[in-house]
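The values are calculated or read from the model by the stated rules, or taken from the named source; none is laboratory data. Note that the structure is a prediction, hence the values are computed from the model and not measured. Every residue, glycine as well, gets a Cβ built from its backbone with ideal geometry; the counts of neighbours run over all protein chains shown. Each accessible area value is taken on the protein alone, full model and side chains, heavy atoms only, with ligands, DNA and RNA left out. Shrake-Rupley method; radii C 1.70, N 1.55, O 1.52, S 1.80 Å.
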Amino acid sequence: MFTQSPVSHTILAALMVMMILGSCTVVKNYPRDVPFVFDNKITVQGVPSKDEKKRLQSELDGYWDDSIKVKSITQLGVRTVIRNPPVYDSAGIVRSIAFMNSYLNSQGYYNAIISEVPVEPDTVNDQVRKTVLMNITLGKSLRIDSFAFDTLMHPELRKLAMENSKQSLLGSNKPFSKQLVASELDRLVALFRQNGYFHFTRENLYAEIDTTDVTLLQLTLDPFEQARIIAEANQKRRLDPTVDVIIKQKNTADSNSFTKFRIGNIHYYPETGANELADSVLIKPYSMVFTRREVTSHQNAGYSHMKPLREHTYLRRGVLYNEEKFYKTINSLNQLGAWSQVDVRTRPYVDSVTVRENETATAATYFDTVPLLDFHFLLTPAKKYSFGSDFEISRNSGTISTGNLLGIGNNTTIRNRNVWKESIQASTALRTGIEISFSDTIPLQTFQASLSRTYSIPQFLTPIRLNRLKRLDDYKTLVSFSAGYTERRNFYRLRTVVGSWGYEWKRKTNLWSYRLLNVELYTLDTLRLLTKAFIDNPFLRTAFNTGYVVSQNLTYNKIFPGTANPDVTNYIRLFGEEAGAIAGALLGLNKKLYRYLKAEGEFRQLRPFRKTAFAYRLFGGIGYNYSNDPVLGQSLPFFKQFIAGGPNSMRAWQVRQLGLGSSVISDTSTSFRDRFGDIQLETNLEYRFPIAVIGGVKVNSALFADIGNIWNLKNSVSNPESKITFNRFLRDLAIGVGTGVRLDFNYFLIRVDLGFKLKDPARRENNGWLNLADFTWRNYELQNPNSAVPSARRNNYAIQLGIGLPF
């Protein structure tokens, strides 16, 4: 039995003392022997829902008067520091009540009762701490009794508003607030500007709010009857307050505000100088003026062809002006990358035009006099060539066999933003990386190098013409080629050649990527230590074979805010790949072809608070090899399998050092300890908080927990505990916990995390759980001190060094 290290006792005790000392509130520069504000609290009653209560309490906290507002910072996530707390002043209470009441009025709460709840000061030495508690009883919120559009509005505007009334934010029996009214006016302005009203603005609309009870307008000569009517109206207003909302039109001297405009001529100026005046650009002469399909290009040097500009313009002559498509055109031209800036000038006039209902309509009607808008797009060219270099570093407290591993990588990229004058983006990337061991006689453990060339073509290159592309916000064809070389010293040499053809498109927040053809050719040289590992773990042989991958895959990404809380950010990624079933058979590569199906799903959420944030990630992946080939049909190739551990995964384990399942074959191996699986399930949780700001560098930290593992899908006779099974699933789950320090330099972030193996499936004692009473930094249970062969070192912790946040 191994004894506990005195050093570990000291470190654990120091950590406990730091936590105890940190979990308190420290007040600095406080006024002595007089009551000062120590805390601000708000209680809200009469709220229709828990979410609404939480929202109001959070918002109302920003309406304290500065004279009684406590300013504090949180350190280490648990220690609160208050500096220069204000002396308690009742005048600040009066101002705070006025501010809060004004805010509640804007939210539709006009009958709120706000009062301070007396709280006795708490005396700590010479500190007289005063907690200011505000109690708010909301009462009934205003409800809309009737909602209408004024009959005196411009007839076409009123018709348009009535046709789209289902999208209205206001309506009978809906809650009333100034914010909702303002949003409704913005919606109407956007609606009108999407239907030709180019000059229409918010100044042309207003909402009339009427709280008068119509019974008060009844004429009566009986004073008692009049008193009764007034009393009943007051009681009704108190029990069920309502308003009538009428959207009205403001009179204006500018008749263009109510004029419908259609698209006229479209002009491009692709060589506009960064400091050139717009007026001079429009009137100066050009040697190359081309007109095609109702658009005109003005150039002198021939910087760009017409096709990419026309392809990404969502405006068409004769169609009603639509502000949404106008901004969509600007964004699309900006995303081409060939131009650093896109500016627009418009010119209204009246002329004859062929009128179309929409951009794709073929039927048209000719009109002699129609208000038109010419659009002049002034495009400033971006620097054609750019150079970039990214440096990556990561550190893991364990290597292939023993010691520490440091990974260093560099990615150098050269980009051409306008290939063949077609706005095609071409990038050439050289990636190199090494892994260094600090405890091996030969430090260099791994060398990796790859060279890739990628073309991003701003159109869909397909044998048939695709309709409705204009409904997309962005679309492109992606073509890439790459070659790579990887050598793990004494284990293997891997050579790769990869080529792919695919498409990428975006609509709103939905991003799709489809690789129609993906060809990956591999050759693998098995070296001495990997051959020895095959003897210890024969199932490894099934993953390390020379084979080819001919596949197609589809990826879906979406980033969207939370429904209840728009400050919450959600991210979804779905991935599916099929290899060998279709394209491989056509190319005649059956004998060396991997056949498999692979799927991945990932969900992330970032939930920010005032000074902290909570983030979590859910990931699941599975791959199934359906081939009957005795060599290539047992599992996925190792370069397609899943791995766990490292700075961005299970942080209490080194990279590729977790799993498979609860198997200990890899843990006890003295040669090859890397693990690759066909299934991965993982959950990561982080509570992020600030510590301090030193010299402009933000020093942050986090408490994290990682749960998951990787498994084999098929059974292995030599390694039965590596297969995922229902009855052993909980036993196989690994749990790591820890903390870390993040240095945020704004433009990049350095992260150091310390993770502990709270539950290790390879730990045989205590069902895998860490025994805190007998904690040791290393796990000695599988070591044999009498063996002539040195045992592999197994730590109960890992230190990770990374660039950027883990997720």
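A single member of Met134, Met100 is in a helix (DSSP H, G or I) and open to solvent by less than 30 Å² (accessible area, probe 1.4 Å), and it is Met100. Flag: Pro630 matches the condition of being open to solvent by 40 Å² or more (accessible area, probe 1.4 Å) and in a loop (DSSP other than H, G, I, E, B). Residue count for region 721-771 under the criterion of being of a type outside the set (S, T, N, Q), touching a residue at least 24 places away in the same chain (Cβ under 8 Å) and not in a loop (DSSP other than H, G, I, E, B): the result is 26. With respect to Pro608, determine if the residue is touching a strand residue (DSSP E or B) at 6+ places or on another chain (Cβ under 9 Å) and crowded, with 19+ Cβ neighbours inside 10 Å. Here the answer is no, as Pro608 does not meet what is asked. Every test in (1) in contact with a strand residue (DSSP E or B) (Cβ under 8 Å, 6 or more places away or on another chain); (2) among the hydroxyl-bearing types (Ser, Thr, Tyr); (3) farther than 28 Å from Leu685 by Cβ is passed by Thr668 save one, and that test is (1). Among the residues of region 508-550, those that are open to solvent by 50 Å² or more (accessible area, probe 1.4 Å), assigned to a helix (DSSP H, G or I) and either in contact (Cβ under 8 Å) with a residue 12 or more places away in the chain or of a type in the set (S, T, N, Q) (or both) comprise Arg528, Thr531, Lys532, Asp536, Pro538.
Considering only residues of region 35-66 that are in a loop (DSSP other than H, G, I, E, B) and at pLDDT below 90, which is least open to solvent (accessible area, probe 1.4 Å)? Selected residue: Val47. Inside region 633-690, residues that are at positive phi and of a type outside the set (Gly, Ala, Ser) make up a count of 1. Among the residues of region 704-722, those that are of a type in the set (A, V, I, L, M) and either within 19 Å of Ser649 (Cα to Cα) or open to solvent by 60 Å² or more (accessible area, probe 1.4 Å) (or both) comprise Ala705, Ile707, Ile710, Val717. Checking Leu461, Leu466, Leu430 one by one, the residue that is touching a strand residue (DSSP E or B) at 6+ places or on another chain (Cβ under 6 Å), under 28 Å from Thr509 (Cβ atoms) and open to solvent by 50 Å² or more (accessible area, probe 1.4 Å) is Leu461 and no other. In region 455-466, the count of residues that are of a type in the set (A, V, I, L, M, F, W, C) and assigned to a strand (DSSP E or B) is one or more.
For region 67-79, a tally of residues being at pLDDT 80 or above and out of contact with any Phe, Trp or Tyr (no Cβ under 9 Å at 6 or more places or on another chain) returns 4.
Look at (1) open to solvent by less than 40 Å² (accessible area, probe 1.4 Å); (2) more than 16 Å from Gly646 (Cα to Cα); (3) touching a helix residue (DSSP H, G or I) at 6+ places or on another chain (Cβ under 7 Å) and you find that Ser701 fails only one, number (3).
Residues that are closer than 20 Å to Arg431 by Cβ and open to solvent by 60 Å² or more (accessible area, probe 1.4 Å) within region 480-507 comprise Phe481, Tyr485, Arg493, Arg495, Val497, listed in sequence order.
Looking at Ala599, Ala615, Ala581, Ala652 in this structure, which one is in a loop (DSSP other than H, G, I, E, B), touching a residue at least 12 places away in the same chain (Cβ under 8 Å), in contact with a strand residue (DSSP E or B) (Cβ under 7 Å, 6 or more places away or on another chain) and aliphatic (A, V, I, L, M)? Show your work before the answer.
Values: Ala599 fails: in a loop (DSSP other than H, G, I, E, B); Ala615 fails: in a loop (DSSP other than H, G, I, E, B); Ala581 fails: in contact with a strand residue (DSSP E or B) (Cβ under 7 Å, 6 or more places away or on another chain).
Just a single option satisfies the conditions, and that option is Ala652.
A residue that is at pLDDT 85 or above, charged (D, E, K, R) and either assigned to a loop (DSSP other than H, G, I, E, B) or open to solvent by less than 10 Å² (accessible area, probe 1.4 Å) (or both) can be found somewhere in region 375-386. Suppose we keep only residues that are among the basic types (Lys, Arg) and either modelled with pLDDT of 95 or more or part of a helix (DSSP H, G or I) (or both) within region 311-335. Which one would you say is nearest to Phe258 (Cα to Cα)? Applying the filter and picking the extreme gives Lys325.
Check region 703-712 and report whether any residue there is of a type in the set (Gly, Ala, Ser) and within 16 Å of Leu658 (Cβ to Cβ). Can you show your working first?
Initially, region 703-712 is screened for residues of a type in the set (Gly, Ala, Ser), giving 705, 708.
Retained after the next criterion (residues that are within 16 Å of Leu658 (Cβ to Cβ)): 705, 708.
Looking through region 703-712, at least one residue is of a type in the set (Gly, Ala, Ser) and within 16 Å of Leu658 (Cβ to Cβ).
Please determine, by comparing only the residues of region 433-451 that are among the polar types (S, T, N, Q) and crowded, with 17+ Cβ neighbours inside 10 Å, which one is farthest from Trp501 (Cα to Cα). Full working, then the answer.
Restricting attention to region 433-451, the residues satisfying the condition of being among the polar types (S, T, N, Q) are 437, 439, 441, 445-446, 448, 450.
The next check asks that each one be crowded, with 17+ Cβ neighbours inside 10 Å; those that pass are 437, 445-446, 448, 450.
Values: Ser437: 38, Gln445: 34, Thr446: 30, Gln448: 25, Ser450: 19 Å.
Checking each candidate, the answer is Ser437.
Screening the candidates Val319, Val342 for the property of being open to solvent by 10 Å² or more (accessible area, probe 1.4 Å) and of a type in the set (Val, Ile, Thr) yields one hit, Val342. Residues in region 280-310 that are farther than 28 Å from Leu469 by Cβ and assigned to a helix (DSSP H, G or I): Ser280, Val281, Leu282, Ile283.
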